[in-house]
1. If the stretch 66-123 were replaced by its equivalent ellipsoid, with semi-axes equal to the square roots of 5 times the Cα gyration tensor eigenvalues, what would those be, largest first, whole Å?
2. Give the list, by residue number, of cysteines in the chain with no other Cys Cβ closer than 4.7 Å, or say none.
3. Suppose we take every Cα in the stretch 1-118 and form the convex hull; what volume per residue is that in Å³?
4. Please report the spacing between the Cα centers of the stretch 142-163 and the stretch 49-119 in Å, no decimals.
5. Over the stretch 95-149, what per residue volume does the convex hull of the Cα atoms give, in whole Å³?
6. Quick one: 3J(HN,Hα) in Hz for the stretch 144-154, Karplus 6.51/-1.76/1.60 with θ = phi - 60°, rounded, Gly and Pro as x.
7. Only bridges whose two residues both fall in the stretch 9-150 count here: according to DSSP, what percent of them are antiparallel, nearest 5?
8. How high is the FRET efficiency from I151 to S81, r the C-beta distance, R0 30 Å, rounded to 0.05?
Amino acid sequence: ATLVNAEGCDSLVTLDLIVNQPSTSHLTERVCSPNTFSLGGQAFSSTGVYIVTLSNAVGCDSVVTLNLEVGMPSSTILTESICSPAVYSFNGQALSSSGTYTAQFINAEGCDSIVTLNLTVKQPTFATLAQTICAPSTYNFNGQVLTSTGIYTATLVNAEGCDSLVTLDLIVNQPSSSHFTERVCSPNTFSLGGQAFSSTGV
């Protein structure tokens, strides 16, 4: 541009002009609550799309579009029971004792998932029965009709829902018979087994 200087002469002014450009960018971020995502001095804690204006390297506006997803942590309580000597597999551990156990995993949203396990380990029971019968009587044991001396076992379910091993020691005694001849003179009687016999006979 040609201007007039203070002395009334031409003043040639040359302008070297640089026009800087604003910029735009897009960010997609994920955080897990209660964490927040900070941008331009602001802290964002909810899922949504946010427009934030910053200053770029050349001093112009830098418009940032933030697509933020905020995932939620989760917690789960498991209540389980097993019968000893079985074990329960939990987070790589083989558990054999009653108790409360916790483990941390990653849920479908990529956040912490705390799992609490309440484990009850129930016990099997063992019982031994001793029975004596006289043949030809029989003994019913777990659906079996027994007629011989021996040791028998059966696995049942106890009150806790675990195995109950019952052992039966059965003795089958045999009846006996004998014959003898006696003589008495009337009016005497002959007593046997609490009975009094007074007549000839068998």
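1. Values: eigenvalues 202, 18, 8 Å².
For the stretch 66-123, the ellipsoid semi-axes come out as 32, 9, 7 Å.
2. Result for the chain is C9, C60, C134, C185, no neighbouring Cys Cβ within the cutoff.
3. On the way: hull volume 16.5 nm³, N = 118.
It comes to 140 Å³ per residue, whole-number rounded.
4. Going from one Cα centre to the other spans 49 Å.
5. Details: hull volume 7.3 nm³, N = 55.
Spelled out: Cα convex hull of the stretch 95-149, divided by residues, is 134 Å³.
6. My calculation for the stretch 144-154 gives 9, 9, 9, 10, 10, 4, x, 10, 10, 10, 8 Hz in order.
7. Details: 25 of 45 bridges.
Given both bridge residues lie in the stretch 9-150, the antiparallel proportion sits at roughly 55 percent.
8. Numbers: r = 32 Å, r/R0 = 1.06.
My answer for the efficiency is 0.40.
The values are calculated or read from the model by the stated rules, or taken from the named source; none is laboratory data. All of these numbers come straight from a predicted model, not from anything done at the bench. In this analysis, Cβ positions are derived from the backbone assuming ideal geometry, glycine residues included, and neighbour counts consider all displayed protein chains. Each accessible area value is taken on the protein alone, full model and side chains, heavy atoms only, with ligands, DNA and RNA left out. Shrake-Rupley method; radii C 1.70, N 1.55, O 1.52, S 1.80 Å.
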